[in-house]
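Each remark here refers to the structure printed beneath this line.
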Ligand SMILES: Nc1ncnc2c1ncn2[C@@H]1O[C@H](COP(=O)(O)OP(=O)(O)OP(=O)(O)O)[C@@H](O)[C@H]1O
Ligand SMILES: [Mg+2]
């Protein structure tokens, strides 16, 4: 496939609908399907998916990725379908949205959360934690049963951020 736009066009012709778009990615699915296809030029996601798989967070705090194809222009991945971004859950999700700094609170509702935040930060995926990049899987009661960091970025100095935060807290 030549480029991202051609891929998106072809998938639309095959009945895939666009669920969301960001700076790098278009996420598409067939109506009712429980997986999505992520067509993206973001270089971090394949690395994050690999890390999540090997550290056993795929299908837990990270999305389950079933298939990954990489191209010159980016990648195409088949990923489990999640229900809603934190943006869309505003008012339903009863937790502060700055996950990094309120991890202990989150941990009470989602055991293992603090450890995940620590590990994912140490692994270097500490950027772009905005509420559009966190999603939930809803339980039968409609509330969040699982929270998932779908799409972090790397590159920034994770350790320095942590240090700054701790310093501020101690002050
Ligand atoms: N696994 C998923 N299941 C259902 N919808 C999804 C899934 N992953 C992403 N989406 C939807 O697609 C949108 C864009 O996805 P994503 O955040 O990966 O794109 P992006 O280009 O990296 O965005 P940005 O650069 O703004 O973070 C999300 O906001 C969400 O609405
Ligand atoms: Mg994103």
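Extending 7 Å from Cα along the Cβ direction at residue 83 and again at residue 54 yields two label points whose distance is 3.3 nm.
Exposure proxy shown here: for 78, 2, 143, the number of other Cβ atoms within 10 Å sets the order, fewest to most, as 2, 143, 78. Full extension of the chain between residue 9 and residue 23 yields a length gain of 3.3 nm, computed as 0.36 nm times the residue separation minus the alpha carbon distance. Using the alpha-carbon positions of the range 1-81, Rg (one decimal) and Dmax (whole number) come out as 12.3, 37 Å.
Summary value for the chain: 18 percent relative contact order, contacts being C-alpha pairs under 8 angstrom separated by 6+ residues.
Among beta bridges identified by DSSP and lying wholly in the range 1-81, the antiparallel ones come to about 95 percent. Among 52-63, 35-46, sorting by the average number of other beta carbon atoms lying within 10 angstrom of each residue, highest first, gives 35-46, 52-63. The share of Cα pairs per 5 Å bin across the chain, counted from zero up to the longest distance, runs 1, 8, 16, 21, 20, 15, 9, 5, 2, 1, 0, 0 percent.
Given the Cα-Cα distance of residue 34 and residue 122 and 0.36 nm per residue of separation, how much length would full extension add, in nm? Walk me through the intermediate numbers first.
Working: separation 88, 0.36 × 88 = 31.68 nm, distance 3.09 nm.
The span from residue 34 to residue 122 would gain 28.6 nm if fully extended.
Applying 1/(1 + (r/R0)^6) with R0 = 30 Å to the Cβ-Cβ distance of residue 101 and residue 2 gives a FRET efficiency near 0.10. Using the rule -39500 (n - 2.57) for each DSSP H run of four or more residues, divided by the residues of the chain, the 222 nm mean residue ellipticity is -9000 deg cm²/dmol.
Values in this text are rule-based calculations from the coordinates and carry no lab data. Just so we're clear, the structure is a prediction, and the values are computed from it rather than from any experiment. Don't worry about glycine lacking a Cβ; one is built from the backbone with ideal geometry, like all the others, and counts go over all protein chains shown.
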